[in-house]
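Read the figures in this text as sums done on the coordinates, not as results from a lab. Being a predicted model, the structure only gives us computed values, none of them experimental. Using ideal geometry, Cβ is built from the backbone for each residue, glycine included, and neighbour counts are taken over all protein chains shown.
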Amino acid sequence: MNALLKKDDPSRRRFLETSAKTFLGVGALGIARPSHAALGPNLGLAERAGAAKHLIYLYMNGGMTHLDTFDTKPGHENQGLTKTIGTNVDDIRISEYLPSLARHADKLAIVRSLTSTAGAHQQGNYLMHTSYEQRATIRHPGMGAWLQKFKGRLNPNLPGTVFVGGDSRINGGGGFFEPEFEPLAINDPNSGLRNSKRRGMDEATFSHRLDMAKELDSEFHGRYNLKQVRAYTQMYDDAVRIMTSRDLQVFDLSQEDAATREAYGSDAFGQGCLLARRLIEHDVRAVEVSYGGWDMHNNVFVSAPERCAVLDQAMAALLDDLDKRGKLQDTLVVLTTEFGRTPRINQNAGRDHYPKAFSSVLAGGGVKGGFVWGKTDAGGENVEENPVQIADFNATIAHALGLPLDQVLYSPSKRPFTVASKGKPVLDLFA
């Protein structure tokens, strides 16, 4: 790259990042690094017929306890104070802390045999989101980015992927893909899309200033017709298009009636799930909603009921809402976490990190409802039947979405990657 581009690049990057923040409230997370992903061979695994169009990914940040949610062990000393209840499926029993989801068990495919070796939060989180181990030299794309990369946007006036939650660092992100595949981050679902409206400027003035900016940029763009420069322009144009789109109202939860908002719960996670439903109705491809606080080293039998109450209300309302609106079949809902927690209760009445065995849930998107896959032993300590590695779980998600599991994409360093590494989908989970 010649000296002039090197000189200009930092100042132009700061200007355009500021512009993006002004319009969308986000930074250009992927601009400062090379971002080209080259297409490689498709090795031939058939795409699933009737694949889901959307993904709603509910992430329990901190390590959700499996014995106190979806894999209870009644009568075993490891269970502690948590009781087990029946569900609307005769042979499925779950925690007493999830009574609403118990009434939706006929929609759930519960995976009780997840297993991993990543026992630290950051590493486990990254592995769950990307199927790859964390490396200092590369960022791997998350599932939402892969979905958008292969399938494209359904609504050009809205972002392809959205992250809802307090810490946007936990989502998979766009990785080494182009900047357009980075998710839009919404910190507070009740606040709508911040900084998306013109303030103190009428439409004519705004258009005039845009035209001036394009004229000033034209010489630079003509001289440096590079992929990264074009990515800046696309990001800027996307921001302006979203600002002027009627679809922007999708971020305004006040348009929902009081009864619907109350059904999801007044907390940020519940309202985030409601926003996720609105977004996929407006053809956003993928929405992740994060809910933290699951790192329960102390007093698990106080903390788990509190966390589960919020999760139970919000997820049950989401499933019910999607089902009533006819959107559950083409929307895959995923509930997951980075690892489980120790079956044996520690001296502080808590549970520590435990990647060896844990649970996750799938619903909608063509998966079997009222179904359990895998089994842990009597104390919930070891996987006894049908172990599922993280990459296998993500391959199952990708298969549900109709993504080509064997399609190779090359990173800027020319290394080959696939959507779920070497994972194999659990085909028995599909109807």
In whole Å, largest first, the alpha carbons of segment 250-404 cover along the principal axes 48, 38, 23
Neighbour-count ranking for 373, 146 (other C-beta within 10 angstrom, fewest to most) reads 373, 146
Exposure proxy check on 352, 90, 312, 188: fewest-to-most Cβ neighbours within 10 Å is 90, 188, 352, 312
Karplus ³J(HN,Hα) for segment 83-95 (6.51 cos²θ - 1.76 cosθ + 1.60, θ = phi - 60°; Hz, whole; x = Gly/Pro) runs 9, 10, 10, x, 10, 7, 10, 3, 9, 10, 10, 9, 5
Hull volume per residue for segment 368-431, using the convex hull of the C-alpha atoms, in Å³ is 97
With the charge dipole of segment 108-189 built from beta-carbon charges (+1 for Lys and Arg, -1 for Asp and Glu) about the Cα centre, the Cα from 123, 184, 113 projecting farthest to the positive end belongs to 113
Expressed as a whole-number percentage, the relative contact order of segment 133-184 with C-alpha contacts under 8 angstrom and at least six residues apart is 47
A correct Karplus calculation of ³J(HN,Hα) over segment 334-348, with 6.51 cos²θ - 1.76 cosθ + 1.60, θ = phi - 60°, whole Hz and x for Gly and Pro, returns 10, 10, 8, 7, 7, 6, x, 10, 4, x, 7, 6, 7, 5, 9
Cα-Cα longer than 27 Å, checked against 368/414; 375/424; 151/424; 324/356; 151/356; 375/422, kept in input order, equals 368/414; 324/356; 151/356
Per the 1/(1 + (r/R0)^6) rule, R0 = 30 Å and r from the Cβ atoms of residue 281 and residue 427, FRET efficiency to 0.05 is 0.55
Using the Cα gyration tensor of segment 96-155, the equivalent ellipsoid's semi-axes, largest first and to the nearest Å, work out to 28, 21, 9
Any residue on another chain or 5+ positions along whose placed amide H is under 5 Å from the amide H of residue 114 is listed here as 358, 360, 388
Treating only Lys and Arg (+1) and Asp and Glu (-1) as charged, each at its beta carbon, one finds that segment 327-396 has a dipole about its Cα centre, in Debye to the nearest 20, of 180
For the pair residue 299 and residue 154, the simple spin-label estimate (label points 7 Å beyond Cα toward Cβ) gives in nm 4.3
If N is the residue count of segment 85-125, its Cα Rg over 2.2 N^0.38 Å rounds to 1.54
Cβ density ranking, 10 Å radius, fewest first, applied to 353, 140 yields 353, 140
In this structure, the FRET efficiency calculated for residue 83 and residue 344 from their beta-carbon separation, with R0 = 22 Å, to the nearest 0.05, is 0.75
About its Cα centre, segment 72-142 carries a charge dipole, from +1 on Lys and Arg Cβ atoms and -1 on Asp and Glu Cβ atoms, whose size in debye to the nearest 20 is 200
